[in-house]
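Remarks on the structure that follows.
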Amino acid sequence: MRYLTIRTELLAATMLALVPGTAQAQSNAELQAQIDDLKAQVQALTAALAASRSASAPAAAASGAAPQSAPTPLAAAPAQPAQATPSAPTSILTTPQSRKLSLRGYTQMRYNAFLSGDDTAPAGVSRLRSVHDSSINDRSGFSLRRVRLAFQGDISDRVSLYLQSDFGSAVTNQAGSERREHFAQLRDAYADISLDKRKTLRLRAGQSKVPYGWENMQSSSNRLTLDRSDAINSAVPGERDLGLVAYYTPPSVQKIWDDLGHDGQKLFGNYGAFGLGVFNGQGINRTEQNSGLMKVAFATWPFRLDGLGDAFEGQVLEVGGSAMLNEVQPETRNGSVSTIAYKDNRAGLHAILYPQPIGIQAEWNWGKGPQFDVATQSIRTKPLSGGYVQMMVRLPSDDFGALMPYARWQHYRGGWKASTNAPRLETDELELGLEWQPWKALELTVAYARMKRAEADERRTGRAEGDLIRTQLQWNY
């Protein structure tokens, strides 16, 4: 366009110079002066055009097919050749990609109400209590079960970090024996180191979740039921420990998980299809008591079931298992830690049929671990077993949000190493509930629970029973 404009102006100037009437009135000397002046103008315009083309070439190469700028109108031609103003050179700088840390979290507020049962009991007899929710008691009211705040993000192409604290923790013995609520406690502090460009193989270093049990690794913000099952969680109460773990995820598996996540399914988190790790083994935020390390292995694999017929279109079945070898030293009643390291070895299996709209989830584990023996009044290594079976229905709606009714039965017989003297738990529980998520930022869960439990205190015997209504309001941010 600019080239055409220059040609037009040259043509107009030439025609003006060659008008017959004007030429006759001028002398030969004047005509020659005009011709020389016109040549100078042509040279100046040609130089300006060449400079403009050379300056725009690098910018066009950098931006691909960038649209040309609008033509710049040329002023009346000067008597002397105009000197072209050189354009500023276009430098192509490669700046590092900006990296950001995100801040997110969630809060869970609960209210538990006894409908009937053993909310109180005489000394030496079990009361209805849960190792997962201390607000289940005879003085229950509103409670903050979890108040989580997490920083996460990439700090380089190969390294990312995750830092999470819980502001819903409680401590005791601050003033007499009264319990104090809502203290901050470190939950996660780890770095993910990608060992390949596709980030299929990662090394996780720091305090993180131990890859044992599918439900253990699933975030509490994403879990359908209010609490984890006693049997699976007994392997790693608190779910975390300090150590190193390697995760590998084939791209084909990651694609299935990405599709499930996009569909709104409740996945188990940022873990691999295969995991192999070593940890201290004493438990979350506890000082290591021996030189041994806990060894853990985990594997899970999702299968698309579309090939089985129209009835299975869109269905995904995930199956897997985990194993753990450990030695742990529980706390004792005299306020110290056991000097004996007890074997804590177990293996488990899991299977999940993601709800489309009906789903089933189940886990079971077996093994041996520390448990208080009433006959000898001491801690011994004893057998343990248990798990859960859960059914759920997923009913998404654009009008009133997503509804997920569920039913879960759990069973466990074995020790609870996180409590003083590793007391024996005998748990049988049925929970019927409904989760309603009207918006992405808000979830309400209401459940009925029929419980039969042994209290996690070796000084109390028998089992307590009761019926409860349990509610939880969760907001995500």
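No value in this document is a laboratory result; all are computed from the given coordinates. The shown structure was predicted, so the numbers you read here are calculated from the model rather than taken from an experiment. All Cβ positions, even for glycine, are placed from backbone atoms using ideal geometry, and neighbour counts span all protein chains on display.
The packing ranking of peptides 409-417, 179-187, highest mean first, is 409-417, 179-187, where packing means the average number of other beta carbon atoms within 10 angstrom of each residue. Packing, as the average of other Cβ atoms within 10 Å across residues, places the peptides 444-453, 156-165, 344-353 in the order 344-353, 444-453, 156-165, highest first. Exposure proxy for F268, F142: other Cβ atoms within 10 Å of each Cβ, ordered fewest to most, give F142, F268. Region 250-297 and region 316-391 have their alpha-carbon centroids 16 Å apart.
As a quick test, which of the pairs K368/K452; K100/K343; K100/K255; K368/K440; K100/K266; K197/K343 have an alpha carbon distance above 32 angstrom in this structure? From the list (K368/K452; K100/K343; K100/K255; K368/K440; K100/K266; K197/K343), the Cα-Cα distance tops 32 Å for K100/K343; K368/K440; K197/K343. Of the peptides 201-208, 328-335, the order by per-residue mean of other Cβ atoms within 10 Å, starting with the highest, comes out as 201-208, 328-335.
Placing a label point 7 Å from the Cα of E181 along the Cα-to-Cβ direction, the residues of region 121-145 whose backbone N falls under 17 Å of that point are 130, 132-145. How large is log10 of I(q)/I(0) for region 105-476 at q = 0.07, 0.13, 0.14 Å⁻¹ when the intensity is taken from the Debye formula with one equal scatterer per alpha-carbon? Relative scattering, expressed as log10 I(q)/I(0), comes to -0.31, -1.15, -1.36. Between the alpha-carbon centres of region 140-171 and region 193-216 there is a gap of 17 Å.
Here region 386-471 has an Rg and Dmax of 16.6, 53 Å, counting Cα atoms alone.
A simple count of charges around G292, restricted to other residues whose Cβ falls under 14 Å of its Cβ and scoring Lys, Arg +1 and Asp, Glu -1, yields -2.
Within the shell defined by Cβ-Cβ distances under 11 Å, the residues around R187 carry a net charge of +1, with Lys and Arg each +1 and Asp and Glu each -1.
The residues packed around L201, meaning those with a beta-carbon under 12 Å from its beta-carbon, carry a net charge of +4 if Lys and Arg are +1 and Asp and Glu are -1.
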